[in-house]
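Take a look at the structure below.
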Amino acid sequence: MEPDAFEMVETLDREALARHPVWTPFRPSDRPYILAWGVPPERLDQQIALYQFCGPDPLFPVLDGARLPARPDLIVAARLTLGATGVELLGYVLAPHAWGVFTERAEHVFNRGLPAASRRSAERLATALGLAVAPEALFPMRYRTAPGGADAARSEGEFPAPW
């Protein structure tokens with residue numbers, strides 16, 4: 001994403017991840033950081049104005065993928081391989097506790113802090129993929145990220161079943 005086309009989103013979806021691989025929630029203290037990428041101040045102000053309401057913090061793309069900030073709330077695009085099934089899906093990682101994958105019609109979210117909800121999500125994911133398998137067969141989910149440009153380090157790992 002070019003600085004002149006900088007845009008925030010309220011909800012991360014597959015289209016936003018296709019446009020840019022790394023996102024994080026906006027806070028007013030992020031302003032100098034974003035402007036340092038060459039985002040025009042009026043463009044940033046326009047985007048901030050779109051989200052001045054009592055809702056979740058908007059997400060913004062981290063344009064410098066070679067130097068990712070040390071933040072616990074980075075959301076990074078990933079390819080996830082689902083356990084023994086070998087199915088690979090586009091998703092994201094909010095390591096180390098949460099991640100999600102996209103199917104044709106839905107987003108399936110997993111969170112180590114919400115084991116019962118994660119199990120239900122795995123059941124819905126198996127059904128959406130037409131797999132006659134127990135939720136456990138989707139784990140471990142192996143991920144590989146490619147944040148930013150060619151100089152950015154790849155990250156990979158796996159998530160065991162969160163229940």
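The values are calculated or read from the model by the stated rules, or taken from the named source; none is laboratory data. Computed from a prediction, not measured in an experiment: that's the story for all the values here. A quick note on method: Cβ atoms are made from the backbone with ideal geometry, for glycine too, and the neighbour counts reach across all protein chains shown.
For Glu7, only one of the following conditions fails: (1) out of contact with any Gly (no Cβ under 7 Å at 6 or more places or on another chain); (2) more than 19 Å from Asp57 (Cα to Cα); (3) surrounded by 12 or more Cβ atoms within 10 Å (Cβ to Cβ). What is its number?
Glu7 satisfies all of (1) out of contact with any Gly (no Cβ under 7 Å at 6 or more places or on another chain); (2) more than 19 Å from Asp57 (Cα to Cα); (3) surrounded by 12 or more Cβ atoms within 10 Å (Cβ to Cβ) except (2).
Would you pick out the residues in segment 79-107 that are part of a helix (DSSP H, G or I) and either touching a strand residue (DSSP E or B) at 6+ places or on another chain (Cβ under 9 Å) or surrounded by 17 or more Cβ atoms within 10 Å (Cβ to Cβ) (or both)? Explain how you work it out, then say what you get.
Start the filter on segment 79-107 by keeping residues that are part of a helix (DSSP H, G or I), which leaves 83-85.
The one that is part of a helix (DSSP H, G or I) and either touching a strand residue (DSSP E or B) at 6+ places or on another chain (Cβ under 9 Å) or surrounded by 17 or more Cβ atoms within 10 Å (Cβ to Cβ) (or both): Gly83.
Would you point out the residue of segment 16-56, among those that are surrounded by fewer than 16 Cβ atoms within 10 Å (Cβ to Cβ) and in contact with a strand residue (DSSP E or B) (Cβ under 9 Å, 6 or more places away or on another chain), that is modelled with the highest pLDDT?
Looking at residues that are surrounded by fewer than 16 Cβ atoms within 10 Å (Cβ to Cβ) and in contact with a strand residue (DSSP E or B) (Cβ under 9 Å, 6 or more places away or on another chain), I get Pro25.
Would you say Gly149 is surrounded by fewer than 15 Cβ atoms within 10 Å (Cβ to Cβ), of a type outside the set (Val, Ile, Thr), modelled with pLDDT of 95 or more and assigned to a loop (DSSP other than H, G, I, E, B)?
Here the answer is no, as Gly149 does not meet what is asked.
Suppose we keep only residues that are of a type outside the set (S, T, N, Q) and assigned to a helix (DSSP H, G or I) within segment 126-141. Which one would you say is surrounded by the most Cβ atoms within 10 Å (Cβ to Cβ)?
At the first step, the residues of segment 126-141 found to be of a type outside the set (S, T, N, Q) are 126, 128-141.
Then keep just the ones that are assigned to a helix (DSSP H, G or I); that gives 126, 128, 135-138.
On the way: Ala126: 21, Ala128: 14, Pro135: 19, Glu136: 15, Ala137: 15, Leu138: 27.
For segment 126-141, the residue satisfying everything is Leu138.
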